[in-house]
Each structure stands twice: as structure tokens, then as C-alpha cells.
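Below is one structure, written out as C-alpha cells, with a few remarks after it.
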Amino acid sequence: MNYKNLSIRELHELLRTKKITALDLTKQVIEEMQKDDQPNFLITLPTDDMLRYAQYLDQNFDPNNLLYGIPYVAKDNFSTKNIRTTAGSKILSNYIPNFNATIVELLNQNQAMMAGKVTLDELGMGGTGLHSAYGEISNPYDQKRQIGGSSSGSVYAVAKGLVPFSLGTDTGDSIRKPASYVGIVGFKPTYGAISRYGVIPYAPSLDHAGFFTRNVDDMALIADVTFKKDDKDFTSFETRDQDFLKDINDLKPTTKFAYLKEVQEHLPEKIKRKYEQLFNKLKAKGYEVNEVSFDLDLLNTINPVYMMISYPEAISSHANLSGMGFGMRAEGENYAQIMINSRSKYLGEIVKRRFVIGSLNLKQENQDLYFLKAKRVRRLIANALNDILASDDILILPPSFQPAPLIETALEDDEKADSDFLHDILVMGNFAGIPSITIPFTTEEAMPIGINLNAGVYQDKKLLQAAKVLEDIIGIKDRIVGDKKYD
Ligand code: GLN
């Protein structure tokens, strides 16, 4: 039996009926991880812990628990008790937390198997999978192309079928864009719907934790387990939604979809036509699909506003990476020198660049000009988005409008201030804190491309139900690399 292309529910069925034990499954997972052809995707594989836990699980078999024995990997910015947590940075290469992130704890309580800590662009900064201190990874469908990031290892493991789900984080689009590049499902819930306690931050007002799966039902199942208020995270709230999986097929027939005129007009011809075809299919099923307008000037501010907010927040929230409290320390004569030397030695280029720009924005004389102004524009964008989502239920956006870019264009892709707004369109979802999900959509040049759906805050359940309808219409799910040809 090869477990690799099985969904959470299919694996559960095997475990429930004892066709496979947790220990056997865990051994297979370890073996597949170890022989993978891009070993850089994995930072830490806690084999001893996994085997011990699998034995414990087999002795405490719970047939009703849907996550019993199900393996997953966590982006290495989720704290894991007694397991090294690097956030993809050298500066945390010796950091072993003495606590679990709440999400990890919840998954433990549900008897899921934490099967590895996986790579990311350092501290979540970047979108290519090429900026981890632990080596590069590329797109498993075509190794000349980027896999995307920053949740690079998390999408890799799910797309390859090594695990049926994984944990990621999304500050700009780090769950929803790489999901598009490898043809899987990536979901960022409403800001505060799930706990971020124990997740190493990038920019706290934009940071979201979230998940990857290969189908929408599995995502609903994960939501059932993880949507909980956490007293350790003051941004978290008690969700009003329940029974995500039970009600997944119950999207109201009166649901209204919308797309942005300015975005649609800006898409390359081929992909534009695919979106039109999809809109027609939705209409044929009886759903309303509305074209709405969005101020082009505002669209063009998304990227600069993102930079002017996220970089200052990053430098503030990482004041503790000084070489003093924990993590790696370089020698120095005094506090300032130790800090300068530690950061110079143990941080990568992108992080240094963003820290420097962030500090500059926080200087008294620059705050009004950049940081505070950016926050005001963020509010305008969020308001415009919320207005749309007050009259239409689901806003459809393109997470990417071309197959994953080539590796050689990476530096441009990451640090270009004047990039086309289409590159950054998903960042609007972080500005507004709305729930947002990418699912597989189409293919070009034998590469996957996803589609992204958004709903108003707290409308996570409706969003998942809409994603399920679209997944059915589109007809792509549960694909893993090498399983079926992608064309
Ligand atoms: N591409 C964005 C960046 O470079 C995404 C980051 C994120 O969401 N963590 O910052």
C-alpha cells in the first residue's frame, strides 16, 4: 500500500479499519521523506519522537478521531517543544523551544503526527523558496522554476504527497501564491480565527497562520479542529462557525460571486478566457457573478504599502534577535557590537535589507511620511474590499496569472518596488484580515495555476463551501507530483 496520494479521510479509513497501523504509516512517511530528491525541503525530521509517538498512538487507538495518526509537516516558524525551530534563519539555528505553538498543541490533542519541520524563506520574508538559510528548493513540477514562498517546504511536502496536510503562514500571500504554483489548496482563515501563539512573527498586523491540503473537504476537517479562541493570543476570537466538514456541501444557491474589472482586463489573454469560461459555468449553475470596479490608483499602492508596513513591523517584532537572549551570538565588546555582529553574520540578505528599510521608516521624521501614511492607505484598501464583500459574498482573484516563474528571475520578483499590481493582489486579503483560499484551477505549459476566493471577515465557512462548489466545477483535486500528467 502506498499512502502517498491519499487524502486525510482516505488515510483515516485505513487507520480506522486497522488496515495500517500508525507505526507502519509513520515508518513509510519517514522513508519517503528521507529518500526525496530535494532534501532541502526538510529542516528537521524528528524520527525518534515520531516512532515513539506512533507506538503510543497504536496503544491509544481512537477510531472516531479523524486526525488519529495522520502525518503533517509544520513550517519551521511554528514552535515545537523540544524540537529545533529555526524560522529558516541561521540566527535561530540553535533555538529549541520549550513549548508548542497552540496549533501544534491542538493537532497533538487530536492525535495527528507532527512529521517534520520544513523550510521557508528566512523569517517568512520572500516568495521564492530560494531564501532559506538551509538551502534552496525548486518547483517539483519543473525544477527550473520557483516553488514560491515563503511557505515553500509546506507546499512541497503536500504537492509531493509526502503528507496530506501542512502548516503555513501568510503575511503577504505566502500560503495562497505558492499553493497556486504547485496545484494544491492553501487557506488563510480570518485574522484571529485560529491562534498564532508560538508562531515566529514577520509582521504581526498582517501575519496569519493557515493550512495546505489537496482538497477542500480535508481543509474543512482541519478547520473543525483548529478554529478556537486562544487566551494566549489576544487577537484570537471565538468562532461562530462550526461543522465546517458536515456542512461543506451547503453553499446557499443565492450566493453572489464577484470579480474585479481592472484585474480581469489586465490578465493575459489566455488566462482571461479561462476565467470567463469559469464565470459562465457558475452562472449556468444559477449563481450570480458580478463585475465590480476597484480604484486603479489604490491597486497600484498595494506593494509599496505592504513594504512600508511589513518592514517596520518586522524590525520591531525581531528586536529580540540581538544575539543576547537566545539564538546565535557573535562576539563583540558591548551590547551594540554584539547585536551588529550577530545580525551581520547570521541574517540573510533579504532580511537585512528589510530590517534596514523598516528601521528607516520608524525614525521619528519618517514615520508620518511612510509608516503612518501607509497605514492610512491600507485602511482605504481594506474599506474598499469590505464594501465589495458586503454586497457580494465571494470575490474571485488570480493568485498568479502565469505558471511559476523561472528561478533566474527570483531576485527581481521578490524585491521589486514597482511591480505590476497583479503580482501583489492577494496582499489585499492581509490588509483586510479576510478569509482567503486558493484551489487548483488550470494548467499552462504543463504547470498548475490556482484560483483564489475571498469572503468577508468571519465568513470562513461560506468561503470553504464556495471553494467546494468551484472545486467540483473545475474538477481538479488530490493531485500529487508524478501522479497524473499535468496538462
Ligand atoms: N512575497 C511576500 C514577501 O516577500 C510574502 C511574504 C509572506 O506572506 N510571508 O514578503
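Things to note:
- Rounded to the nearest 10 square angstrom, Ser174 shows an accessible area of 10 square angstrom against a 1.4 Å probe.
- In Å², nearest 10: area of Leu406 left accessible to a 1.4 Å probe: 70
- Ranked by how many other beta carbons lie within 10 Å on average, peptides 395-403, 222-230 from highest: 395-403, 222-230
- Cα-projected label distance for Glu444 with Leu360, points at 7 Å along beta-carbon direction, nm: 3.4
- The stretch 134-288 - charge dipole about Cα centre, Lys and Arg +1 at Cβ, Asp and Glu -1, debye rounded to 20: 600
- Virtual spin-label span in nm between Asn60 and Gln109, 7 Å along Cα→Cβ: 1.3
- Note on the chain: with charges restricted to the Cβ of Lys and Arg (+1) and Asp and Glu (-1), its dipole about the Cα centre is near 440 debye.
- Taking a straight line from the alpha carbon of Lys117, these aspartates and glutamates sit under 16 Å away, with near neighbours fewer than eight places off in the same chain left out: Glu31, Glu32, Asp36, Asp48, Asp49, Asp76, Glu105, Glu136.
- Efficiency of FRET between Phe234 and Glu269 - r from beta-carbon atoms, R0 51 angstrom, step 0.05: 0.60
- Label-point separation in nm, Leu380 to Asp368, each point 7 Å along Cα→Cβ: 1.8
- Residue-averaged [θ]222 nm for the chain, counting only DSSP H segments that reach four residues, each worth -39500 (n - 2.57): -11500 deg cm²/dmol
- Peptides 243-250, 452-459 ordered by packing proxy, namely the average of other Cβ atoms within 10 Å per residue, highest first: 452-459, 243-250.
- Accessible-area order (highest first, 1.4 angstrom probe) of the listed residues Arg343, Arg176, Arg273: Arg273, Arg343, Arg176
- The chain: translational diffusion in µm²/s, Stokes-Einstein, Kirkwood Rh over Cα pairs, 4 °C, 1.567 mPa s: 58
- Since only Thr85, Thr169, Gly210 are under comparison, the one whose Cα sits farthest along the positive direction of the charge dipole of the stretch 73-218, derived from C-beta charges on Lys, Arg, Asp and Glu, is Thr85.
- His12 - accessible surface, heavy atoms, 1.4 Å probe, Å² rounded to 10: 10
- Annotation: the antiparallel percentage among DSSP beta bridges lying fully within the chain is about 65.
- For the chain, accessible area per residue (1.4 Å probe, heavy atoms of protein chains only), Å²: 39
The values are calculated or read from the model by the stated rules, or taken from the named source; none is laboratory data. Remember, predicted model here, so these are calculated numbers, not experimental data. Neighbour counts run over all protein chains shown; Cβ positions are idealised from the backbone, glycine included. With ligands, DNA and RNA removed, areas are computed over all heavy atoms of the protein, side chains included. Shrake-Rupley method; radii C 1.70, N 1.55, O 1.52, S 1.80 Å.
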